[in-house]
Structure formats: structure tokens, C-alpha cells
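As C-alpha cells, the structure follows; a few thoughts come after it.
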Amino acid sequence: MIYISKNIYIVDSTIKFKGIRSSKPGGQNVNKVLSGIHLQYDLNGYKYPDWFMKNINRIGKKYISDAGILNIKSISYRTQHKNKKEAIRRMVELFQNSVKREKKRIKTKTPFKAHQKRIVNKKKRSQKKILRKSPQVNDE
């Protein structure tokens, strides 16, 4: 079991690995050896908190299918063993990022002095622009 936090964990015995042909490094072996890895993990198999499921669906939406299965492909390395480690590392990283909760934003009010200063600056700018205009001649 891989523990992420107190009540969030990954049961590594239920992770399914499937070998795939890699389009990355491997030379001539690329066409005949299954060096890539396709990792599958069923998120619905365990009761994770709602806030966590919402976060993981938001952060990892491109990795999670409609059925709630996490799919990660790793084809970075020449060996299946290294690709397997890489896929697990990416899965753990996704879980760790999903555990972090965003702080709720507290609405603040603009200080009175700052508001007054902004109004005064607007009036100065307005006067400056009025002074730049050419004088109006009224011939009637």
C-alpha cells in the first residue's frame, strides 16, 4: 500500500500493468518488445472522500475515463521496469497534488485612504487632459 495522507492511499495490489509497444527509445527492439507500460487503477474500487475525488477529476481529467479508471501510459525508457516505476511515480504525484486543498479566498474591502487617493488621481488626470485641449473660440 502506498500512503498519500491519513485516509488517502493507493492499493498497489490492484494496479494493473499492461505491456505496450513503445514509440520512443529502443532501437530495433521498438517493433518487437513490449517495453512501454499502460497502468490502470480503478478509483471507484475504494471509498475516497468527495473533495479528493473532485480534485483528482479536475487535475487529472485527461487520465481518468468516464468509468472512473485512471490510465497512465509510460514509454519514456527502454526497459519495462523503468517505465513501470515512472508510471507509478506519475500516479503518486497526481494523488499528492489532488490531496492539497486550495485556501478559500477571503473577500477584502479597499481601504478608505486608497479609495480617496484613486479618486484624487483621477481628478488630476482629468484636469491635465482638459488643459491639453485647444481653446474653444466662441464667435457669435
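Does the stretch 129-138 hold any residues that are in a helix (DSSP H, G or I) and of a type in the set (A, V, I, L, M, F, W, C), and which are they?
Ile130, Leu131
Read through the list (1) crowded, with 19+ Cβ neighbours inside 10 Å; (2) in contact with a Pro (Cβ under 9 Å, 6 or more places away or on another chain), then give the number of the only condition that Ser76 fails.
Every listed condition holds for Ser76 apart from (1).
I'd like the full set of residues that are β-branched (Val, Ile, Thr), within 21 Å of the chain's Cα centre (by Cα) and closer than 26 Å to Gly36 by Cα, limited to the stretch 3-20.
Ile4, Ile10 - these are the residues of the stretch 3-20 that are β-branched (Val, Ile, Thr), within 21 Å of the chain's Cα centre (by Cα) and closer than 26 Å to Gly36 by Cα.
Out of all the residues in the stretch 116-129, is one or more of a type in the set (A, V, I, L, M, F, W, C) and in contact with a helix residue (DSSP H, G or I) (Cβ under 9 Å, 6 or more places away or on another chain)?
No, the conditions are met nowhere in the stretch 116-129.
From the list Lys100, Lys85, which one is closer than 26 Å to Tyr3 by Cα, modelled with pLDDT of 85 or more and surrounded by fewer than 17 Cβ atoms within 10 Å (Cβ to Cβ)?
After applying the criteria, what remains is Lys85.
Anything in the stretch 98-116 that is of a type in the set (S, T, N, Q) and closer than 30 Å to Tyr9 by Cα? List them, or say none.
If the condition is that a residue be of a type in the set (S, T, N, Q) and closer than 30 Å to Tyr9 by Cα, then Ser98 is the only one that fits.
Have a look at Gly36, Gly26 and point out the one that is of a type outside the set (Asp, Glu), at pLDDT 75 or above, in contact with a Ser or Thr (Cβ under 7 Å, 6 or more places away or on another chain) and surrounded by 14 or more Cβ atoms within 10 Å (Cβ to Cβ).
Exactly one of Gly36, Gly26 is of a type outside the set (Asp, Glu), at pLDDT 75 or above, in contact with a Ser or Thr (Cβ under 7 Å, 6 or more places away or on another chain) and surrounded by 14 or more Cβ atoms within 10 Å (Cβ to Cβ), namely Gly36.
Here's the yes/no breakdown for (1) in a loop (DSSP other than H, G, I, E, B); (2) on the phi < 0 side of the Ramachandran plot; (3) of a type in the set (Asp, Glu):
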| site | (1), (2), (3) |
| --- | --- |
| Gln40 | no, yes, no |
| Met53 | no, yes, no |
| Asn83 | no, yes, no |
| Glu86 | no, yes, yes |
| Glu93 | no, yes, yes |
| Asn97 | no, yes, no |
| Arg101 | yes, yes, no |
| Arg105 | yes, yes, no |
| Gln127 | no, yes, no |
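Exactly one condition in (1) of a type in the set (Val, Ile, Thr); (2) closer than 20 Å to Lys6 by Cα; (3) assigned to a loop (DSSP other than H, G, I, E, B) is false for Thr110; which is it?
(2)
The values are calculated or read from the model by the stated rules, or taken from the named source; none is laboratory data. All of these numbers come straight from a predicted model, not from anything done at the bench. Please note: Cβ atoms are built from the backbone with ideal geometry, for glycine as well, and neighbour counts cover all protein chains shown.
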